[in-house]
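Dropping the structure in here first, questions after.
The values are calculated or read from the model by the stated rules, or taken from the named source; none is laboratory data. Owing to the predicted nature of the structure, the values given are computational and were not obtained by experimental measurement. Quick reminder, even Gly has a Cβ in these numbers, built from the backbone with ideal geometry, and neighbours come from all protein chains shown. What goes into the accessible areas is simple: the full protein's heavy atoms, side chains included, and nothing from ligands, DNA or RNA. Shrake-Rupley method; radii C 1.70, N 1.55, O 1.52, S 1.80 Å.
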Amino acid sequence: MAPAASELKLGKKVNEGKTKEVYELPDIPGCVLMQSKDQITAGNAARKDRMEGKAAISNTTTSCVFQLLQEAGIKTAFVRKQSDTAFIAAHCEMIPIEWVCRRIATGSFLKRNPGVKEGYKFYPPKIEMFYKDDANNDPQWSEEQLIEAKFSFAGLTIGKTEVDIMARSTQAIFEILEKSWQPQNCTLVDLKIEFGVNILTKEIVLADVIDNDSWRLWPSGDRSQQKDKQSYRDLKEVTPEALQMVKRNFEWVAERVELLLKTKSQGRVVVLMGSTSDLGHCEKIKKACATFGIPCELRVTSAHKGPDETLRIKAEYEGDGIPTVFVAVAGRSNGLGPVMSGNTAYPVVNCPPLSSDWGAQDVWSSLRLPSGLGCPTTLSPEGAAQFAAQIFGLNNHLVWAKLRANMLNTWISLKQADKKLRECTL
């Protein structure tokens, strides 16, 4: 068990940056305390000011963002918020690269790419990397430079596989946060993040912090309303009044970032089965829905033997205003999916539990439908849940984030399996 906040004992200071200090935690092996400072800087600390309350604002922002990403399925170093100004993280050896992901061209990109106008949009988002070297103003690096540097952290050598994983992860993290800010009518313009190697698991994880120094955020897509650290960088003169304006911007972001963990969007999956002999198949759909945070109800009804009851159950779910995806689970002759599809404007997906003897024949009752019906068929229970999640993800950023993280994690596991196999072969 981790010790309570009041008894947390600090070990030696591991690191100190411009805006935070990192301490070992002797009572929690493999973890560190990330303590924020009331300090704001710009231009590699060429400009530096004390801002009362910034540590708490930054800690709130980072804790909420990491919680959002972790719940989606992104691997991060974040463990928990410890106090108003500190959080506990897994101890990582940091990879000295700032990864930047841009949707809109602005800032230093325009200086490095003359001729590109501010506002140019990147599809897909543009990934850049910068080597952390204050003396040389963090020079831009290529993937080749990073691979050739042959860095090793916590026993992990940073090669092509690791660079590819960080690049892919950077894009996914940006897209999840971009999608999460949209319900607040905020445009995430760009984002800078860092990765570390967890000293216990030897995995690459998102580490350091993501706070209001890490991104550009434009309400309504309007640069003149910017709420991020750029409002501090742009000050011609730092006065107490100007710092108050910057602090109000940071507070505005910290208040809204807590809303990223919630959604106003509702949704549910209703699985209709022809008989309880299909219950095992349906339970798999329900379990898969739970991984996306989607409520799922199971009902028994037969469109062949009790069509009036099937339509009554359908009306029950249409009448309460909660967006619903129906999944029809019927073996042998599937009347359930087509009857539902012909009588509701809600989406219906067939997920028949095929038997080994007649399955090849039975599936045609799900595939060959009368005209005017539109219920797709998937044989996998997990696939049916994913299909429903993709529908709800259009209006629910938390479901969409889980789908996006799933895609990333599948890609990473394939990449790592390939690396492992090649190492064994060699």
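With a point put 7 Å past each Cα toward its Cβ, work out how far Ser220 is from Leu379 in nm, to one decimal.
Between Ser220 and Leu379, the simple spin-label model gives 5.4 nm.
Would you mind getting the accessible area per residue of the chain, heavy atoms of the protein chains only, 1.4 Å probe, in Å²?
Spelled out: the 1.4 Å probe surface of the chain, per residue, equals 49 Å².
P(r) for region 7-123, please, calculated from all Cα pair distances in 10 Å bins and given in %.
All Cα pairs, binned at 10 Å, distribute as 12, 32, 34, 17, 5, 0 percent.
Local charge sum around Leu414 (other residues, Cβ-Cβ under 12 Å, Lys/Arg +1, Asp/Glu -1)?
Working: positive: Arg168, Lys415, Lys419, Lys420; negative: Asp164, Asp418.
Charge balance near Leu414 sits at +2.
Okay, next question. Mind ranking 178-187, 387-396, 233-242, 9-18 by how tightly packed they are, going by the mean number of other C-beta atoms within 10 angstrom, highest first?
387-396, 178-187, 9-18, 233-242
Extension gain Ala242-Glu258, at 0.36 nm per residue separation less the Cα-Cα distance, in nm?
Residue separation times 0.36 nm, minus the Cα-Cα distance, leaves 3.2 nm.
Pop a pseudo-label 7 angstrom from the Cα along the beta-carbon direction at both Ser265 and Glu148 and give the gap in nm to one decimal.
Going from the Ser265 label point to the Glu148 one covers 4.5 nm.
Picking from Glu382, Glu118, Glu128, which is most flexible by a Gaussian network model of the chain using Cα springs under 10 Å?
The residue with the greatest mean-square fluctuation here is Glu118.
Take the eigenvalues of the Cα gyration tensor for region 151-241, scale each by 5, and report the square roots as semi-axes in whole Å, largest first.
Calculated on Cα positions only, the semi-axes equal 32, 17, 10 Å.
Leaving out same-chain residues fewer than 8 places away, which aspartates and glutamates sit with a Cα under 16 Å from that of Lys286?
Result set, ordered by chain and number: Asp278, Glu297, Glu382.
Once fully extended, how much extra length lies between His304 and Glu283, figured as 0.36 nm per residue of separation less the alpha-carbon to alpha-carbon distance?
5.3 nm
A further question on this structure: Return the unpartnered cysteines for the chain, using a Cβ-Cβ cut-off of under 4.7 Å.
By the Cβ distance rule, which asks for a partner under 4.7 Å, the isolated cysteines are Cys31, Cys64, Cys92, Cys101, Cys186, Cys282, Cys351, Cys375, Cys424.
Below 13 angstrom from the Cβ of Gly331, what's the summed charge of the other residues (Lys, Arg +1; Asp, Glu -1)?
Taking every other residue near Gly331 into account, the sum is -2.
What's the tally of Lys pairs in region 13-76 whose alpha-carbon atoms lie under 13 angstrom apart, where the two lysines are 8 or more places apart or on different chains? Mind dumping the intermediate values first?
On the way: Lys18/Lys37; Lys18/Lys48; Lys18/Lys54; Lys20/Lys37; Lys20/Lys54; Lys37/Lys48; Lys37/Lys54.
For region 13-76, qualifying lysine pairs total 7.
Then there is this: Tally the DSSP beta bridges in the chain and give the antiparallel ones as a percent, rounded to 5.
Working: 48 of 64 bridges.
The answer is about 75 percent antiparallel.
What is the packing order of peptides 53-59, 197-203, 83-89, 150-156, taking the mean over residues of other C-beta atoms within 10 Å and listing the highest first?
With the highest mean Cβ count within 10 Å placed first, the list reads 53-59, 83-89, 197-203, 150-156.
Just add up the charged neighbours of Val269: K/R +1, D/E -1, any other residue whose Cβ is under 12 Å from the Cβ of Val269. Each step should come with its number before you reach the end.
Working: positive: Arg268, Lys286, Lys287, Arg299; negative: Glu297.
Result for the neighbourhood of Val269: +3.
When the chain is fully extended, how far beyond the present Cα-Cα distance does Glu52 get from Ser356, taking 0.36 nm per residue of separation?
Values: separation 304, 0.36 × 304 = 109.44 nm, distance 6.91 nm.
Taking Glu52 through Ser356 to full extension adds about 102.5 nm, to one decimal.
Here's another thing I want to ask about it. Expressed in whole Å with the largest first, what are the equivalent ellipsoid semi-axes of region 52-194 derived from the C-alpha gyration tensor as the square root of 5 times each eigenvalue?
25, 23, 16
Can you bin every Cα-Cα distance in the chain into 10 Å intervals starting at zero and give me the percent of pairs per bin, rounded to whole numbers?
Over the chain, the share of Cα pairs per 10 Å bin runs 4, 18, 24, 21, 16, 11, 5, 1, 0 percent.
Using R₀ = 35 Å, calculate the FRET efficiency as 1/(1 + (r/R₀)^6) where r is the Cβ-Cβ separation of Gln140 and Lys9; round to 0.05.
On the way: r = 41 Å, r/R0 = 1.18.
Here the calculated transfer efficiency is 0.25.
How big is region 313-426 on each of its three principal axes, counting only the C-alpha atoms and giving the largest first in Å?
Here the spans come out as 59, 41, 22 Å, largest first.
Select from Ile95, Ser108, Gly119 the residue farthest towards the positive end of the dipole of region 82-124; place +1 on Cβ of Lys and Arg, -1 on Cβ of Asp and Glu, and compute about the Cα centre.
Of the options given, the answer is Gly119.
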